[in-house]
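We did not get these values from a lab; they are worked out from the coordinates using the rules stated. Model, not experiment: these values are computed from the prediction. Cβ atoms come from the backbone with ideal geometry, glycine included; neighbour counts cover every protein chain shown.
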There are 2 protein chains.
Amino acid sequence: MLSVEEARARILGALQPVGAETVALSEAWNRVLAAPVHARLTQPPADVSAMDGYAVRAADAVEGAELRLIGAAPAGHPFAGAVGAGEAVRIFTGAVVPAGADAILLQEDARASGDSVVVTETVRTGRWIRRAGLDFREGEELLPAGRRLTARDIGLAAAGNHPWLSVHRAPRIGILATGDEISLPGDPVAPGGIVSSNAHALAALVRSAGGVPLVLPIARDDVSAIAAAARGARGCDLLVTAGGASVGEHDLVQRALGPEGFALDFWKIAMRPGKPLIWGRLGDTPLLGLPGNPVSSLVCGIVFLWPAIAALGGRPDLAAPLRRAKLGAPLGENDRRADYLRATLSMDAEGRRAVTPFETQDSSMLKTMARAEALLLRAPHAPPLEAGSTVEIIILADLGL
Amino acid sequence: MLSVEEARARILGALQPVGAETVALSEAWNRVLAAPVHARLTQPPADVSAMDGYAVRAADAVEGAELRLIGAAPAGHPFAGAVGAGEAVRIFTGAVVPAGADAILLQEDARASGDSVVVTETVRTGRWIRRAGLDFREGEELLPAGRRLTARDIGLAAAGNHPWLSVHRAPRIGILATGDEISLPGDPVAPGGIVSSNAHALAALVRSAGGVPLVLPIARDDVSAIAAAARGARGCDLLVTAGGASVGEHDLVQRALGPEGFALDFWKIAMRPGKPLIWGRLGDTPLLGLPGNPVSSLVCGIVFLWPAIAALGGRPDLAAPLRRAKLGAPLGENDRRADYLRATLSMDAEGRRAVTPFETQDSSMLKTMARAEALLLRAPHAPPLEAGSTVEIIILADLGL
């Protein structure tokens, strides 16, 4: 059985980022830059006022001096002339500082009447002037390739005068749930059957990782049905199957896809929940086979599918950040499989993060999975731990999950 | 001047959640539930096998015993008969346990040949059986109203047999940038002009908070242009303006909107960046006037607009979580305005979170804002702090910002 780390490395090593597309700035939020963004202009473009007040020569603007008002410079309407000795120009935040002026007299430090401005507080040279290029200069790199764009980044790209951005297209992920026992939500449920939850949970996980899901029709537990469904995933960047991957006679996915040209890389990992995990390639399409249990499918989705979509989407080095927490309850020894326990978070008396696994960790319990706030990681053969020990966790909210 | 807390309370106190809409389960990810979701069935619907193996009577299945195979129960195909003394039924994960059986013999603990199954490891009563209702029971509340749906929640709602969900519609937020000096990205820039970044940065912030932005055309610094633009926001759940709100002669928003029926609540808060902040109501539409400086506009957007959209969207109690960190550099005394310093995060030698403010905090520096990972909060009149002191921060990634 492969370790989790080796399995993930083999998956990520086989994936290349998808190509780029051009999107409008207004559609680029949360997308991943395919090329760096350089400033197309200098910001501010010239020395500008940081406040409302008067553009003056500092040498003249000493307390008690009276200056002569010769014009105004609102933002967007530069003053055409120059400020001479004993002169002042009314100026507003963001407006270009007129030639000759070397400081801003704040309006609360002046008494104005008609064309006279009396200085009530001496001004320092350069005060309240934002220099040209304070924020950035033309040609400077504002945002690097591979960055997922925040609202702040969108503002910066706008200020750099970019109406369009080059981003990785969203990876297209086919999702194929298999099983005679499953039906779609709202459809008739057969005796002994259950409602399919994997496909739609995984589709939402795909969206949270920045991909576009393609939910294929449910395939019955039948070699030809699975093969036909998989053919529907041509053109996807990755095909994910859920179910049909376990060890019994109903391990159908491999049997169905073999004649379709499926090249298996591995199919078993030392992990709980989720031992049966298939990785290979169906023609040109990478294929990830997840277990059918809903919790196993989601945990393997978090550990393998989420970083795979990130890598396809231009963020190859992204993994779930491992964080530390104090253990809220004792834990027994672990066996040879890495364990991902569903757990809740709290703060202990000293304000430190505490993590407490749910008592029952059955891989069919979706309600527990939905209520979990973290996955608590246990290495293979980890020794028993006392409450209060430090453990590693993945916080699900860190991944938007 | 109002405190930040009082201003936010007045804003949130004036807002009601918007109504609900019905969306398909496949479109419900990241939406906010308007009504709780109850299970429409019991899961599992009956006692089912947790493993691949044989359904047996525990009393018979002792090491060395030979059982007679009388049929098979794959998932979705319940075995119609009953398991009698000395009998076994082949069973697979998720399949209904046949009548008469009270335990599962694992396939790796059995040696099968023809219709004979030899037990190689004694079985315990009830072992490897998932009881009906282990995950949830019909009628049970699975997800509460007000919850923003994760991928895991989508899976749980699917398993509960819901093809449709009732969610709050996304609040519609009008965004009006004003100013003679600003132009849209890619449009011609006038002498002394700059490219408008606020509207698109705020639009992305609206999306990250779950709203739908409506970016209105830029309004010139002119009373009638601003009034006409504001009329275009009718039907929005909230109108946000950026710029035109400062203290000088160019404080146009209030003058323009007065004749349109604008009822002001407050317009000045004790905060940096962002002193000029307008809050009121234009007819039926709440109006939030943000400062024009791009950093001020975004910081006020984080502190006031983000929770306002959350409240409109059905999450009235949501605020940016305050976290603690060690200060990476000393800080001087604060004045009477609450300060929100742009800062980066790191880990100190002992694995504790450290926060270091950027040296220059000018409210025009969008590049610094884009590179920030946190806002460091300083209360009015906060005393000087040594490096290593504990401070409160907002981590921008916590808000998806």
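Could you give, in nm with one decimal, how far A:Ala228 is from each other copy of that position, shortest first, with labels 7 Å out from Cα toward Cβ?
Distances to the matching label points in the other copies: 6.1 nm.
Please report Rg over Rh for the stretch A:48-130, where both radii come from the alpha carbon positions and Rh follows the Kirkwood definition.
Details: Rg = 10.7 Å, Rh = 11.8 Å.
Ratio value, two decimals: 0.90.
Give me B:Arg148, A:Arg281 sorted ascending by neighbouring Cβ count inside 10 Å, so fewest comes first. Don't skip to the answer; put the middle values down first.
On the way: B:Arg148 18, A:Arg281 15.
Fewest-to-most Cβ neighbours within 10 Å comes out as A:Arg281, B:Arg148.
By its C-alpha gyration tensor, with a ≥ b ≥ c as the square roots of the eigenvalues, how is the stretch B:234-316 shaped: rounded for a/c under 1.5, else prolate for a/b larger than b/c, else oblate?
oblate
Net charge near A:Met369, counting Lys/Arg +1 and Asp/Glu -1 over other residues with Cβ under 9 Å of its Cβ?
Charge balance in the 9 Å sphere: +4.
Under the definition of partner shielding as Cβ atoms of other protein chains within 10 Å of a residue Cβ, what is the mean value for peptide B:71-79?
On the way: counts 0, 1, 1, 8, 11, 12, 7, 5, 1.
Partner-chain Cβ atoms within 10 Å, mean over residues of B:71-79: 5.
Using the Cα centre of the protein assembly as shown as the reference point, and only Cβ charges (+1 on K/R, -1 on D/E), how large is the resulting charge dipole? Debye, rounded to the nearest 20.
Working: 78 positive and 86 negative charges, 44 e Å.
The calculation lands at about 220 debye.
When you look at the Cβ of every residue in B:134-140, what mean number of other chain Cβ atoms sits within 10 Å?
On the way: counts 5, 10, 4, 0, 0, 0, 1.
If you average over the peptide's residues, the count of other-chain Cβ atoms is 3.
Scan around A:Trp164 for amide H atoms under 5 Å from its own, H built in the peptide plane at 1.01 Å from N, and keep only partners 5 or more places away or cross-chain.
Answer set, sorted by chain and number: A:Leu25.
May I ask you to report, in nm to one decimal and beginning with the shortest, the distances from A:Arg68 to the same position in the other copies, taking label points 7 Å along Cα-to-Cβ?
In ascending order, 12.2 nm.
Between rounded, prolate and oblate, where does the stretch A:158-312 land on the alpha carbon gyration tensor, with a ≥ b ≥ c its root eigenvalues, rounded for a/c under 1.5, else prolate if a/b exceeds b/c?
Details: a/c = 1.82, a/b = 1.59, b/c = 1.15.
Verdict is prolate for the stretch A:158-312.
In nanometres, what is the gap between the two model label sites at B:Ser389 and A:Asp362, each 7 Å from Cα along Cα-to-Cβ?
5.4 nm
Find the percent of Cα-Cα distances in the stretch B:1-112 that exceed 21 Å, and round it to a whole number.
57 percent
With respect to the symmetry axis carrying chain A onto chain B, which residue of chain A exhibits the smallest Cβ distance to that axis, and what is the value in whole Å?
Here the nearest residue and distance are A:Gly400, 4.
Give me B:Ser3, B:Ser297, A:Ser208 ranked fewest to most by other Cβ atoms within 10 Å of their Cβ, as a rough exposure proxy.
B:Ser3, A:Ser208, B:Ser297
How much net charge surrounds A:Gly313 when only other residues with a Cβ under 13 Å from its Cβ are counted (Lys, Arg +1; Asp, Glu -1)? Let's see the in-between values first.
Details: positive: A:Arg31, A:Arg147, A:Arg148, A:Arg169, A:Arg172, A:Arg207, A:Arg315; negative: A:Glu21, A:Asp237, A:Asp317.
Residues close to A:Gly313 contribute a combined charge of +4.
Could you rank the peptides B:225-231, A:370-376 by their average count of other C-beta atoms within 10 Å per residue, with the highest value first?
A:370-376, B:225-231
Need one word for the stretch B:322-399: rounded, prolate or oblate. Basis is the Cα gyration tensor (sqrt eigenvalues a ≥ b ≥ c); a/c below 1.5 gives rounded, then a/b vs b/c decides.
oblate
Under the definition of partner shielding as Cβ atoms of other protein chains within 10 Å of a residue Cβ, what is the mean value for peptide B:182-189?
Mean shielding count: 4.
Put a label point 7 Å from Cα along the Cβ direction on A:Phe266, then list its distances to the equivalent points in the other copies in nm, shortest first.
List, nearest first: 5.8 nm.
Where does the charge balance sit around B:Ala263 when Lys and Arg score +1, Asp and Glu -1, over other residues with C-beta under 14 Å from its C-beta? Spell out each step's value before the answer.
Working: positive: B:Arg10, B:Arg281; negative: B:Glu260, B:Asp265, B:Asp284.
Around B:Ala263, the charge tally is -1.
Eigenvalues of the Cα gyration tensor times 5, then square-rooted: what semi-axes does that give for the protein assembly as shown, in whole angstrom, largest first?
With the √(5λ) rule applied to the protein assembly as shown, the semi-axes are 62, 25, 24 Å.
I need the Kirkwood Rh of chain A: take the reciprocal of the average 1/r across all distinct C-alpha pairs and report it in angstrom.
25.5 Å
Where does each of B:Tyr54, A:Tyr340 land when they are ranked from fewest to most other beta-carbon atoms within 10 angstrom?
On the way: B:Tyr54 29, A:Tyr340 26.
Neighbour counts put them in this order, fewest first: A:Tyr340, B:Tyr54.
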